[in-house]
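The values are calculated or read from the model by the stated rules, or taken from the named source; none is laboratory data. Everything quoted here is computed from the prediction, not taken from an experiment. Cβ sites come from the backbone with ideal geometry, for glycine too, and all protein chains shown count toward neighbours. Quick note on the areas: whole protein, heavy atoms, side chains included, nothing else; ligands and nucleic acids left out. Shrake-Rupley method; radii C 1.70, N 1.55, O 1.52, S 1.80 Å.
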Amino acid sequence: MARKVYTVPSGGNFVQPIVGPPRIIQGRVRHLDDRQLVVQASANFIVDLPAADSAIDLDNGLITLNTMVNVVALPGATLEPAAQLAKS
């Protein structure tokens, strides 16, 4: 779950730190709904949005598809590999 989500004007796609639980995820929004967004940052990350409006900073515009976001994760955030889609 995200502690804070920022819209950013530019920058690269990254996850910090490289080893261990993620603290910062930055990349392009590939999907969004009311509760989650998918951020492409070297891989696709499903991020649960914070409940408080004050935890979403829209200084660089609204969160829309292909915009850059910077996500600060809550302590203890984990990464789980997604199940592979079955090929038809």
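Restricting the search to the range 22-31, which residues are open to solvent by less than 80 Å² (accessible area, probe 1.4 Å) and either of a type outside the set (Val, Ile, Thr) or more than 8 Å from the chain's Cα centre (by Cα) (or both)? Before the answer, list the steps.
Pass one, the range 22-31, residues open to solvent by less than 80 Å² (accessible area, probe 1.4 Å): 22, 24-27, 29.
The answer is 22, 24, 26, 27.
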Legend entry - Hits in the range 57-71 (condition: open to solvent by 30 Å² or more (accessible area, probe 1.4 Å) and touching a residue at least 60 places away in the same chain (Cβ under 8 Å)): 67
Inset, instruction - Considering only residues that are open to solvent by 30 Å² or more (accessible area, probe 1.4 Å) and within 17 Å of residue 13 (Cα to Cα), look in the range 39-56 and name the one that is modelled with the highest pLDDT. - result: 40
Inset, instruction - Would you point out which residue out of 10, 54 is of a type in the set (Ser, Thr, Tyr) and free of Cβ contacts under 8 Å to residues at least 12 places away in the same chain? - result: 54
